[in-house]
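The values are calculated or read from the model by the stated rules, or taken from the named source; none is laboratory data. None of the values given here were measured: they were computed from a predicted structure. Don't worry about glycine lacking a Cβ; one is built from the backbone with ideal geometry, like all the others, and counts go over all protein chains shown.
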Amino acid sequence: MKTATRSENVPTEPHFAILVFSSVSIPGDERSRTNPGHGYPAHDVSTVEYTWTLDRAEWEREVSRRMTSAYDRRSFIPVEVTPRKPKVTVSL
């Protein structure tokens, strides 16, 4: 399976994907700790990881592995994807 880090990495043909939802903790800066209300406070940033494959069997094995693993049983959604190319029209 491959991980898409940019929109260009997502295949344009039908494929199988796994969306993994998680978050990253960002610590606050020194100023926010010593002077509350100033600086940048600690916060969490939500993330989504997009992992894909063209092979259905590989996708099913990965979903099964994640369901039976204590660690990888995090919040994820397996999906079958049929990408669409939007068409833009302009008229006056």
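Of the residues T12, T3, the single one that is hydroxyl-bearing (S, T, Y), surrounded by 10 or more Cβ atoms within 10 Å (Cβ to Cβ) and modelled with pLDDT of 85 or more is T3. Of all positions in segment 33-53, at least one carries a residue that is in contact with a His (Cβ under 7 Å, 6 or more places away or on another chain), within 22 Å of E80 (Cβ to Cβ) and modelled with pLDDT of 95 or more.
Among the candidates V88, V81, single out the residue that is at pLDDT 90 or above and surrounded by 10 or more Cβ atoms within 10 Å (Cβ to Cβ).
Answer to the selection: V81.
Of all residues being among the small types (G, A, S) and closer than 30 Å to W59 by Cα in segment 15-30, which is surrounded by the fewest Cβ atoms within 10 Å (Cβ to Cβ)? Just the residue, please.
S25
Summed over segment 37-92, residues that are touching a helix residue (DSSP H, G or I) at 6+ places or on another chain (Cβ under 9 Å) and more than 17 Å from K2 (Cα to Cα) total 7.
Hey, can you tell me all the residues within segment 31-54 that are under 30 Å from T12 (Cα atoms) and surrounded by 12 or more Cβ atoms within 10 Å (Cβ to Cβ)?
Within segment 31-54, E49, Y50, T51, W52, T53, L54 meet the criteria.
Among residues of segment 42-68 that are touching a residue at least 60 places away in the same chain (Cβ under 8 Å), those with a beta-carbon under 8 Å from a residue that is of a type outside the set (A, V, I, L, M) and surrounded by 14 or more Cβ atoms within 10 Å (Cβ to Cβ) at least six positions away or on a different chain give the pairs E62/T51; E62/T53. Taking segment 55-78 as the range and being surrounded by 10 or more Cβ atoms within 10 Å (Cβ to Cβ) and in a helix (DSSP H, G or I) as the test, the residues that pass are R56, E58, W59, E60, R61, E62, V63, S64, R65, R66, M67.
Selection of segment 1-26 for residues being assigned to a strand (DSSP E or B) and over 13 Å from E49 (Cβ atoms) yields H15, F16, S25, I26.
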